[in-house]
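FYI, it's all coordinate maths here, none of it is from the lab. These figures come from a predicted structure and were not determined experimentally. Cβ placement follows ideal geometry from the backbone for every residue including glycine, while neighbour counts extend to all protein chains displayed.
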Amino acid sequence: MTDQLGALTTIFTEFYYWITVVLMFLIHVGFCMYEVGASRYKHHQHTLMKNTMLIPLVTVTWFLFGWWIYWAFPTGPGLAPSIMNESAALITDESAFSAKWYVPNSELMAVNLGDHISGVFWAAFLLFSWTAASIVSGAVIERITTFAFGILAIAIGSVFWTIDAAWGWHFDGWMLKLLGYHDAYASGVIHACAGGFALGVLAVLGPRIGKFSSSGEPRNIGPRNPWLVTVGLFLIYTGFWGFYAACNIPIFDLGPEYGMEGVTYWTATNIYVTPTTLSGITMNFLMSLSGGLLAGYVIGKGDPFWTYSSGLAGIICASAGNDLYHPIQSMIIGMIGVVIAYKMHYWVERKFKIDDAVGAVAVHGYAGFAGLVICGFVLNGYPSSGYSVGAMWDGTTYAAINPLGMFIGALVMFVVLGFIPGWIIAKVLHGMGKLRIPREVELAGLDYEIMEAAKEDEKAVASSSS
Amino acid sequence: MAVTNWVDHLSAKEVAGAVYPGVGTEGVLVLIAFVIWIGWHVISAKQESDKLSKLAKRRPGSNAWKNNVTDG
């Protein structure tokens, strides 16, 4: 950095993303509180530990290969050529946005005076990875082994969500070009994908003991500490705000970027390099949260668990197009997402005997899927990318946003990169006898021995006379 | 190469960006990270498996945990 303006812009951008990372850490704190609040007393510590250990596992694997996947896979490979080098192969050449720079032994993956941005950008994406894995974590509480969850967390956090981000959340992604896919704040790339993955795992893992009666009727195993659930969800809302900011480029001159001769146009943009404003997305975030809460309160008949979860589902459903929606559209879309998520949750539970302990598949998977489809209708015809204005490799442009493309995109997220990999990996782990804890342990409680040891310690202290 | 003098380092004709100790040994560090990562899974999986088997053999009842509740 040799000139003051360049230095200020660089440091501002570095600091901007750094703040979003800190805010997004609250998402994980919230998920931990939420899961402990939703689990039963005898499983608390294991539940917390399981979700905590995804942090180092996903972080280390994100460093080793997750980040590289994001930069290498936008072309598929083989599905659409890159606009940078016109090749449909993995992007590993010398171009500026190549995966070549993000192999773990790259000098840029460290303290490097020539690069002030890569690390915070890496961390922002990593926090999304934790969220993806944490979504799965809630659904499978009280019966999965920590080993199996660790493998599944790495799979969704450092592999499958990363592939979907490369495909549909990268300016060069093939889904933008061929499908007109648009998912500004990740209805699909995080939520539908992780929700679908969780559903695939649950189909193999099976329900908690006692969840269904012998006649197949579902029983409610409600949250044991609704207040912890409440505070957890408030923290997730807060962190989600940081996530919204992290999905933007805070300051960018679109004139030269779009090839507009002599035009200077500084603005914030979304991840597709199309213009938006922090002002607008702030209104949309809050209005979709409000729509979700309003709908959740009514459809859940005042049930606090569903009301708070619905606030999240409302944001998730509107997120695909919250860079452009009117706030009232965001609110209505949030409400629609909640109704779909709630109805689907109970239908799937009864029909397929799926025990989604915290409603994660509903709140993230179904609401996210619905949000993508709705976005296809509401933003029909809008450019899916800032590069829609320029010619592609064959003279065509990126496909515009459209209902069919968004529906196919939703299937790619939920089914192809979510449900199918989750189901297959869970099947393999099940085949190895490593997926589920023994029945006796599930009944006794995963924390049985820890609690027993604590009781002995307590006895020793209580009987001490000195 | 380690940095021993920032003035010399930053006033060089071409400033080297990488300033961490052991520049050039990144490949070895990555290899070590892989070993730690996989090794962690192997060790923790065995620990968990042993713990679960031991508790399963004891077969505590589904309400036995209540006897272990401490009030702090």
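Apply the Karplus parameterisation 6.51 cos²θ - 1.76 cosθ + 1.60, with θ equal to phi minus 60°, to every residue of the stretch B:8-20 and state each ³J(HN,Hα) to the nearest whole Hz, in sequence, with x for glycine and proline.
Working through the residues one at a time gives 4, 5, 7, 9, 5, 4, 10, 6, 6, x, 6, 10, 7 Hz.
Among all stretches of chain A without exposed chymotrypsin sites (Phe, Trp or Tyr not before Pro) (DSSP loop, at most 14 other Cβ atoms within 10 Å), which one is longest?
Working: sites that count: A:Tyr265, A:Trp393.
Maximal segment without exposed cleavage sites: A:1-264.
Just need log10 I(q)/I(0) for the stretch A:375-466 at q = 0.12, 0.13, 0.19 Å⁻¹, Debye formula, equal scatterers on the alpha-carbon atoms, no solvent, rounded to two decimals.
With one equal scatterer per Cα and no solvent, log10 I(q)/I(0) is -0.69, -0.73, -0.98.
Can you sort A:Val412, A:Val120 so the residue with the fewest Cβ neighbours within 10 Å comes first? Present the calculation step by step, with values, prior to reporting the outcome.
Working: A:Val412 24, A:Val120 19.
Ranked by crowding around the Cβ, least crowded first: A:Val120, A:Val412.
With only Lys, Arg, Asp and Glu charged, each at its Cβ (+1 for the first two, -1 for the last two), find how big the charge dipole of the stretch A:157-243 is about the Cα centre; round to the nearest 20 debye.
On the way: 5 positive and 4 negative charges, 82 e Å.
Result for the stretch A:157-243 is approximately 400 debye, rounded to the nearest 20.
List the DSSP H helices in chain A whose Cα atoms stretch 20 Å or more along the helix axis and whose mean Kyte-Doolittle hydropathy is at least -1.0.
Details: long enough: A:4-38 (51 Å, 1.26); A:44-61 (26 Å, 0.36); A:118-139 (33 Å, 1.43); A:226-246 (30 Å, 1.32); A:278-299 (31 Å, 1.41); A:304-318 (22 Å, 0.99); A:327-352 (36 Å, 0.62); A:448-462 (21 Å, -0.59).
Both cut-offs are met by A:4-38, A:44-61, A:118-139, A:226-246, A:278-299, A:304-318, A:327-352, A:448-462.
What relative contact order, as a whole-number percentage, does chain A give when Cα pairs under 8 Å and 6 or more residues apart are counted?
Details: 929 pairs, mean separation 105.4, N = 466.
Relative contact order comes out at 23 percent.
Just from its helices, what would the mean residue ellipticity at 222 nm be for chain A, if runs of 4 or more DSSP H residues each count -39500 (n - 2.57) and the sum is divided by every residue, rounded to the nearest 500 deg cm²/dmol?
-18000 deg cm²/dmol
Along the principal axes of its C-alpha atoms, what lengths does chain B span, in descending order and rounded to whole Å?
74, 32, 14
Using the 2.2 N^0.38 Å rule of thumb for compact globular proteins, work out how the stretch A:46-130 stacks up: its C-alpha Rg over that value, please.
Details: Rg = 14.8 Å, N = 85, 2.2 N^0.38 = 11.9 Å.
Taking N as the residue count of the stretch A:46-130, the ratio is 1.25.
Please report the spacing between the Cα centers of the stretch A:302-345 and the stretch B:1-60 in Å, no decimals.
Between the Cα centres of the stretch A:302-345 and the stretch B:1-60 lies a distance of 41 Å.
Toward the positive end of the charge dipole of chain A, about the Cα centre and with charges on Cβ (Lys, Arg +1; Asp, Glu -1), which of A:Gly405, A:Met53, A:Gly433 goes farthest?
A:Gly433
Picking from B:Ala2, B:Ile32, B:Asn63, whose Cα lies most toward the positive end of the charge dipole for chain B (charges on Cβ: Lys, Arg +1; Asp, Glu -1)?
B:Asn63
If you scale each eigenvalue of the Cα gyration tensor by 5 and take the root, what three semi-axes come out for the protein assembly as shown, rounded to whole angstrom and sorted largest first? Can you show the working numbers first?
Details: eigenvalues 326, 181, 90 Å².
The three semi-axes for the protein assembly as shown are 40, 30, 21 Å.
Return A:Met53, A:Met432 ranked ascending by Cβ neighbour count within 10 Å, so the fewest neighbours appear first.
On the way: A:Met53 17, A:Met432 10.
Ranked by crowding around the Cβ, least crowded first: A:Met432, A:Met53.
The stretch A:248-356: which trypsin sites (Lys or Arg not before Pro) are DSSP loop and have at most 15 other beta-carbon atoms within 10 angstrom?
On the way: sites: A:Lys301, A:Lys343, A:Arg350, A:Lys351, A:Lys353; in loops: A:Lys301, A:Lys353.
Listed in order of number, the matching sites are A:Lys301, A:Lys353.
Report, as an integer, the average count of C-beta atoms from other chains found within 10 Å of each Cβ along A:436-445.
Details: counts 0, 4, 6, 2, 10, 9, 3, 8, 10, 8.
Per residue, the number of nearby Cβ atoms from other chains is 6 on average.
Measure up A:Lys211/A:Lys351; A:Lys459/B:Lys66; A:Lys42/A:Lys211; A:Lys353/B:Lys51; A:Lys42/B:Lys54 against 19 Å on the Cα-Cα distance and list the ones that go over.
Correct reply: A:Lys353/B:Lys51.
Just need log10 I(q)/I(0) for the stretch A:286-427 at q = 0.20, 0.22 Å⁻¹, Debye formula, equal scatterers on the alpha-carbon atoms, no solvent, rounded to two decimals.
Once normalised to I(0) and log-transformed, intensities are -1.13, -1.25.
Restricting attention to the alpha-carbon atoms of the stretch A:1-80, what are Rg (one decimal) and Dmax (integer), both in Å?
19.0, 60
If each DSSP helix of 4+ residues adds -39,500 (n - 2.57) and the sum is divided by the residues in chain B, what number results at 222 nm, nearest 500 deg cm²/dmol? Intermediate values should be presented prior to the final figure.
On the way: 2 runs with 38 residues, N = 72.
Rounded to the nearest 500, it is -18000 deg cm²/dmol.
Can you pull the percent of Cα pairs in the stretch A:80-166 with separation above 18 Å? Walk me through the intermediate numbers first.
Values: 2133 of 3741 pairs.
Looking at the stretch A:80-166, the distances longer than 18 Å represent 57 percent of pairs.
What is the magnitude of the charge dipole of chain A about its Cα centre, with +1 placed on the Cβ of each Lys and Arg, -1 on the Cβ of each Asp and Glu, and no other charges, expressed in debye to the nearest 20? Present the calculation step by step, with values, prior to reporting the outcome.
Working: 21 positive and 30 negative charges, 380 e Å.
Charge dipole of chain A: 1820 debye, to the nearest 20.
Would you pull out the residues with amide H under 5 Å of A:Thr274's amide H, same chain only if 5 or more places away, H placed 1.01 Å from N?
A:Gly386
For chain B, modelled as a Gaussian network with Cα springs under 10 Å, which listed residue fluctuates most, B:Val23, B:Val42, B:Val15?
B:Val15
Which of these, B:Lys54, B:Lys46, B:Lys13, has the largest mean-square fluctuation under a Gaussian network model of chain B (Cα springs below 10 Å)?
Among B:Lys54, B:Lys46, B:Lys13, the largest mean-square fluctuation in the Gaussian network model of chain B belongs to B:Lys13.
I'd like to know which of A:Ala165, A:Phe212, A:Gly418 lies farthest towards the positive end of the charge dipole of chain A, counting +1 on Cβ of Lys and Arg and -1 on Cβ of Asp and Glu.
The one lying farthest along the dipole's positive direction is A:Phe212.
Assigning unit charges at the beta carbon (Lys, Arg +1; Asp, Glu -1) and nothing else, what dipole magnitude in debye, to the nearest 20, does the stretch A:61-178 show about its Cα centre? Walk me through the numbers before you get to the answer.
Working: 3 positive and 8 negative charges, 63 e Å.
Approximately 300 debye in magnitude.
Just to check, using Stokes-Einstein with a Kirkwood Rh over alpha carbon pairs, what's the diffusion coefficient of the stretch A:225-293 at 37 °C and 0.692 mPa s in µm²/s?
Values: Rh = 14.0 Å.
Once the numbers are plugged in, D ends up at 234 µm²/s.
Average projected area of the Cα convex hull of the stretch A:214-342, in nm²?
On the way: hull surface 39.3 nm².
In nm², the orientation-averaged hull projection of the stretch A:214-342 is 9.8.
Ranking A:Leu446, A:Leu429 by Cβ neighbours within 10 Å, fewest first, what do you get? Present the calculation step by step, with values, prior to reporting the outcome.
On the way: A:Leu446 29, A:Leu429 22.
Least to most surrounded, the residues fall as A:Leu429, A:Leu446.
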